[in-house]
1. Filter the trypsin sites (Lys or Arg not before Pro) in the stretch 82-148 down to the DSSP loop ones having no more than 13 other Cβ atoms within 10 Å, then list what survives.
2. Please arrange I141, I169, I161 by how many other C-beta atoms lie within 10 Å of their C-beta, fewest to most.
3. Counting Lys and Arg as +1 and Asp and Glu as -1, each charge on the Cβ, what is the dipole of the chain about the Cα centre in debye, to the nearest 20?
4. Using only Cα atoms, tell me the angle between helix 382-397 and the longest principal axis of the chain; keep it within 0 to 90° and round to the nearest 10.
5. Which far-off residues, 5 or more places away or on another chain, put their amide H under 5 Å from the one on T231, with H placed in the peptide plane?
6. Treat each spin label as a single point 7 Å out from the Cα along the C-beta direction, and report the R300 to Q393 distance in nm.
7. Using each residue's phi in the stretch 28-37, evaluate 6.51 cos²θ - 1.76 cosθ + 1.60 at θ = phi - 60° and report the 3J(HN,Hα) Karplus result to the nearest Hz, with x for Gly and Pro.
8. Determine, for each peptide in 9-15, 281-287, 154-160, the mean count of other beta carbons within 10 angstrom over its residues, then list the peptides with the highest first.
Amino acid sequence: MSFLSETLSRVKPSPTIAMTAKAAELKAAGRDVIGLSAGEPDFDTPQNIKDAAVAAIAAGKTKYTAPDGIPELKQAVCAKMKRDHGLDYTPAQVSVGTGGKQTLYNALMATLNEGDEVVIPAPYWVSYPDMVLLAGGTPVIAETSLQTNFKLTADQLEAAITPKTKWFIFNSPSNPTGAGYSRAELKELTDVLMRHPHVWVMTDDMYEHLAYDGFEFCTPAQVEPALYERTLTCNGVSKAYAMTGWRIGYAAGPEKLIAAMRKVQSQSTSNPCSVSQWAAVEALNGTQAFLAPNNEKFVRRRDLVVSMLSEIEGISCPVPEGAFYVYPSIAGLIGKTTPAGKVIETDEDFATALLEEADVAVVFGAAFGLSPNFRVSYATSDEALEEACRRIQTFCAALT
Ligand SMILES: Cc1ncc(COP(=O)(O)O)c(C=O)c1O
């Protein structure tokens, strides 16, 4: 009898975390590695948010809270949903968790039975399929392509839905591609969902505020109000507010689902960190003034990376609408040989050789379910990005 659970054997550890760890290892050994693999902003948490946390500690707000969030934070989420999307939610329809990851996980744990299918467009954020597997469901991967800038089409969604589909996971702007769906593109998908009333939508709006060139962010329940009753709108403070370490995410949806998620959370982490919840209240209710200057930096970095990578023969790199990732295709480099004599047969070979021979850490596309590509996170300094892209250019130019 195996000591470890069979469920766990179906799941793999996060490859993005593994790549970041490998880069850190080489760095510790004295190598000048530039890491472009971590999915977190290099900005500091804004001061007003830190101050709110310090004030919460001073006021003794350091005890257990309600399992899925303090009333003040739930209220702040309701206000945000109204302000940004025109959506009405009551605090009983809001769940706060330990990071966006936990709210998504709670929802899957609370709803999936064996045989239930979850449609996930690829490339996807690495955790979606594994969380579905952990919860006992079956991920159904719907592949997108470079031709549509990695956006799922109505036909692709239609083809992936079966009578067993329980959820459709939607993520815009996307990790790993940065692709953001316009209102019209999203409406095409919600029209498909309207024809399949048994399918629920789990929308992961984590990169909502990181959108560029006037891109108008939309969330499914806003684009198709008739989906409100079967939509879980998930979001969090990690990325836009540079609060990855504080671990606060939230979701809004039908009360029955929120109650089921509360049950999962009450038997796992009890409640998200009390101090972080007070910081998140300030993040949502306080000034949003830092978002615009941060986004200006992100746009500059995106344009730098896209233009430098586009100069490389064999790489093609679409310009994404948001987040802080680009997802270039390396189709034109497959079959080539590196200076150290390694043949690049897969995108994993490419990323490994790039790290070992050029000291740049990226994440290979297979980790996100669509190859041959790699993901660059441009949430790092302009100087580091420029140097990293120069190294990638030199490495690619030396391939034979
Ligand atoms: C698309 C997406 N959703 C959710 C998360 C999880 O965010 P959190 O750190 O709040 O758990 C991430 C983090 O990388 C992400 O990229």
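Rule-based calculations on the coordinates, nothing more; no lab input. Treat the numbers as computed from the prediction; the structure is a model and nothing was measured. Every residue, glycine among them, receives a Cβ derived from its backbone with ideal geometry; neighbour counts consider all protein chains shown.
1. Of the trypsin sites (Lys or Arg not before Pro), not one in the loops of the stretch 82-148 has a Cβ with at most 13 other Cβ atoms within 10 Å.
2. By the 10 Å Cβ count, ascending: I141, I161, I169.
3. Roughly 1080 debye for the chain.
4. For helix 382-397, the angle is close to 50 degrees.
5. Those lying under 5 Å, H to H, from T231 are V201.
6. If labels sit at R300 and Q393, their model points lie 1.9 nm apart.
7. 4, 7, x, 7, 8, 8, 9, x, 10, 10
8. Answer by packing, highest mean first, reads 281-287, 154-160, 9-15.
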